[in-house]
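To start, the structure itself, in structure tokens.
The values are calculated or read from the model by the stated rules, or taken from the named source; none is laboratory data. Note that the coordinates shown come from a computational prediction; the quantities given were computed from them, not determined experimentally. Methodologically, a virtual Cβ is constructed for each residue, glycine included, from the backbone with ideal geometry; neighbour enumeration extends over all protein chains shown.
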Amino acid sequence: MSGPGRVGVLGGAFDPPHIGHLILAQEAWWRLGLDRMLLVPVGTPVDRPAPRFDAELRVRMVEAAVAGHPGLACSRAEVDREGPSYTADTLELIAAEHPGAELWFMVGADRLEGLTGWHDADRLLRLARVAVVPRAGFPVERLREIGARVAPGRVDVLEAPEIAVSSTMVRRRLEEGAPVRYLVPPGVEELLGG
């Protein structure tokens with residue numbers, strides 16, 4: 001992407017990527033009027049166990065998942081970097097790759113309240129606005145209240161369809177030999193050997 005624009009950042013293990021990730025990315029891209037929504041597979045996670053699938057396979061799966069959608073793309077910002085994957089560092093790298101762009105960082109409703117405790121949270125919030133999607137237990141009004149405390153004027157609450165699919169569910173189904181068609185994009189299913 002050349003020149004300033006509006007760029008969204010959706011980080012995650014993508015272990016594997018599933019339709020919920022894509023619906024969330026597409027909704028943010030559309031609702032925020034983004035020029036590009038980057039899906040960023042984690043390199044070395046700091047707050048969870050290592051992903052089941054290796055980084056290169058997760059990158060290939062994300063690339064397959066977003067293929068054909070001109071607004072969505074995979075970023076290697078974290079998998080190509082040594083050491084732990086801190087969001088502030090990732091956003092700084094993406095800001096440097098997209099000079100002058102306005103950034104939005106997607107965060108889960110359940111993680112919004114704790115955002116100020118993240119590594120270098122002040123820098124994170126200077127680099128990007130925060131976009132969050134309501135879900136069970138976190139209705140719109142509650143998220144607006146949390147957002148006003150956590151990052152006044154910097155949190156956008158987006159409506160999006162709720163999809164009860166998780167990477168954990170997909171991995172469990174793979175282990176059981178159950179089909180994952182329609183839970184993951186066709187290119188991801190192919191890479192998983194499904």
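Answer yes or no as to whether Val130 is touching a Ser or Thr at 6+ places or on another chain (Cβ under 7 Å), within 30 Å of Pro99 (Cα to Cα) and either of a type in the set (Val, Ile, Thr) or surrounded by 15 or more Cβ atoms within 10 Å (Cβ to Cβ) (or both). In short, no. Against the condition under 22 Å from Leu32 (Cβ atoms), without any contact (Cβ under 8 Å) to a residue 60 or more places away in the chain, among the acidic types (Asp, Glu) and assigned to a loop (DSSP other than H, G, I, E, B), how does Glu82 come out, does it pass? So Glu82 does not fit the description; no. Taking strands (runs of 3 or more DSSP E) as the structural unit, no element lying wholly within region 1-74 holds at least 3 residues that are in contact with a Gly (Cβ under 6 Å, 6 or more places away or on another chain), more than 25 Å from Tyr182 (Cβ to Cβ) and modelled with pLDDT of 95 or more.
Per-residue answers, yes or no, for (1) closer than 22 Å to Ile23 by Cβ; (2) out of contact with any His (no Cβ under 9 Å at 6 or more places or on another chain); (3) of a type in the set (A, V, I, L, M):
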| position | (1), (2), (3) |
| --- | --- |
| Ala136 | yes, yes, yes |
| Gly153 | no, yes, no |
| Asp156 | yes, yes, no |
| Leu183 | yes, no, yes |
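Taking each residue of region 12-32 that is surrounded by 20 or more Cβ atoms within 10 Å (Cβ to Cβ) and looking for partners that are among the basic types (Lys, Arg) with beta-carbon atoms closer than 6 Å, six or more apart or interchain, yields Phe14/Arg58; Asp15/Arg52.
Just one of the listed residues (Leu93, Leu38) is among the hydrophobic types (A, V, I, L, M, F, W, C) and closer than 23 Å to Leu158 by Cβ, namely Leu38. Apart from one condition, Leu39 fits all of (1) surrounded by 15 or more Cβ atoms within 10 Å (Cβ to Cβ); (2) without any contact (Cβ under 8 Å) to a residue 40 or more places away in the chain; (3) over 22 Å from Arg173 (Cβ atoms); the exception is (3).
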